[in-house]
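K.L.:
One structure, pasted below without further comment.
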Amino acid sequence: MRSYEVRDIPAILALERECAGAPQWGEAFWRSGFPGDAGLRDAFVIEIDEQVWGYSVASCAVDIAELESVAVSERWRRYGMGMALCEVAMLWARKRGAKAIQLEVRESNVAALSLYRRIGFVEQGKRPKYYKNPEEDAVLMSADL
């Protein structure tokens, strides 16, 4: 596992397309290298045989971090990659002084909800009709770091 690099962008974009629930940030976002973030955002990739199969993105502001996205290719789900990507993002946030990390997830994403609960996230509430296509509530979760 490592921080993402420009060479990973085609694989990340393919994962965005494959994982309908992942944010569809697009090439410009990834090519930006997160300018202006002053090291307060990073993305991590997991690869096998030089092929990227998953990524996570986290940001940190003062003492609160956000797990912005986690995506793993369907081919490699249930092998612990999602957990590893979450854990590396959480470690990164802790090193930057975050005391807690937050996220939101589609209410219907049972697999993600289960993963987040296993690594210590607890539900904090909901945002009604937060997601579109289809319209759905977001479950707000947080974990202490």
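K.L.:
Restricting attention to the range 65-121, which residues are assigned to a strand (DSSP E or B), farther than 20 Å from Ala14 by Cβ and either touching a helix residue (DSSP H, G or I) at 6+ places or on another chain (Cβ under 9 Å) or of a type in the set (Gly, Ala, Ser) (or both)? Spell out how you get there, then give the answer.
P.N.:
Just the residues of the range 65-121 that are assigned to a strand (DSSP E or B), to begin with: 65-72, 100-106.
Subset that is farther than 20 Å from Ala14 by Cβ: 65-67, 100-106.
Within the range 65-121, Ala65, Glu66, Leu67, Ala100, Ile101, Leu103, Val105, Arg106 meet the criteria.
K.L.:
In addition: How many residues are open to solvent by 30 Å² or more (accessible area, probe 1.4 Å) and either of a type in the set (Asp, Glu) or under 17 Å from the mean Cα position of the chain (by Cα) (or both) when one looks only at the range 120-129?
P.N.:
First, the residues of the range 120-129 that are open to solvent by 30 Å² or more (accessible area, probe 1.4 Å): 120, 122-124, 126-129.
Filter once more, keeping what is either of a type in the set (Asp, Glu) or under 17 Å from the mean Cα position of the chain (by Cα) (or both): 120, 122-123.
Selection size over the range 120-129: 3.
K.L.:
Related question: Determine whether Trp25 is at pLDDT below 95, surrounded by 13 or more Cβ atoms within 10 Å (Cβ to Cβ), aromatic (Phe, Trp, Tyr) and more than 10 Å from the chain's Cα centre (by Cα). Full working, then the answer.
P.N.:
On the way: at pLDDT below 95: yes; surrounded by 13 or more Cβ atoms within 10 Å (Cβ to Cβ): yes; aromatic (Phe, Trp, Tyr): yes; more than 10 Å from the chain's Cα centre (by Cα): yes.
Spelling it out, Trp25 is indeed at pLDDT below 95, surrounded by 13 or more Cβ atoms within 10 Å (Cβ to Cβ), aromatic (Phe, Trp, Tyr) and more than 10 Å from the chain's Cα centre (by Cα).
K.L.:
Report every pair of residues separated by at least 6 positions or lying on different chains whose Cβ atoms are under 8 Å apart, first residue within the range 132-145 and crowded, with 18+ Cβ neighbours inside 10 Å, second in a loop (DSSP other than H, G, I, E, B) and of a type in the set (Val, Ile, Thr).
P.N.:
Going by the 8 Å Cβ cut-off, the qualifying pairs are Ala143/Ile119.
K.L.:
Same structure again: Among what's in the range 54-103 and is free of Cβ contacts under 8 Å to residues at least 24 places away in the same chain and out of contact with any Leu (no Cβ under 7 Å at 6 or more places or on another chain), pick the residue that is most open to solvent (accessible area, probe 1.4 Å). Before the answer, list the steps.
P.N.:
Of the residues in the range 54-103, the ones free of Cβ contacts under 8 Å to residues at least 24 places away in the same chain are 59, 61, 75, 78-80, 91, 95.
Narrowing the set further to residues that are out of contact with any Leu (no Cβ under 7 Å at 6 or more places or on another chain) leaves 75, 78-80, 91, 95.
Working: Arg75: 154, Arg78: 219, Tyr79: 155, Gly80: 43, Leu91: 77, Lys95: 152 Å².
This residue is Arg78.
K.L.:
Sticking with this structure for a sec: Please specify each residue of the range 26-53 satisfying the condition of being touching a Leu at 6+ places or on another chain (Cβ under 9 Å) and on the phi < 0 side of the Ramachandran plot.
P.N.:
Result: Glu27, Trp30, Phe44, Val45, Ile46, Val52, Trp53.
K.L.:
Out of Glu47, Glu16, Glu104, Glu87, I need the residue that is at pLDDT 95 or above and in contact with a strand residue (DSSP E or B) (Cβ under 8 Å, 6 or more places away or on another chain). Which one? I'd like the intermediate steps shown before the answer.
P.N.:
Numbers: Glu47 fails: at pLDDT 95 or above; Glu16 fails: at pLDDT 95 or above; Glu87 fails: in contact with a strand residue (DSSP E or B) (Cβ under 8 Å, 6 or more places away or on another chain).
Matching residue, one of Glu47, Glu16, Glu104, Glu87: Glu104.
The values are calculated or read from the model by the stated rules, or taken from the named source; none is laboratory data. Keep in mind the model is a prediction, meaning the values are calculated, not measured. Backbone-built Cβ (ideal geometry, glycine too); neighbour counts: all protein chains shown. Surface areas here come from the heavy atoms of the whole protein model, side chains and all, with no ligands, DNA or RNA. Shrake-Rupley method; radii C 1.70, N 1.55, O 1.52, S 1.80 Å.
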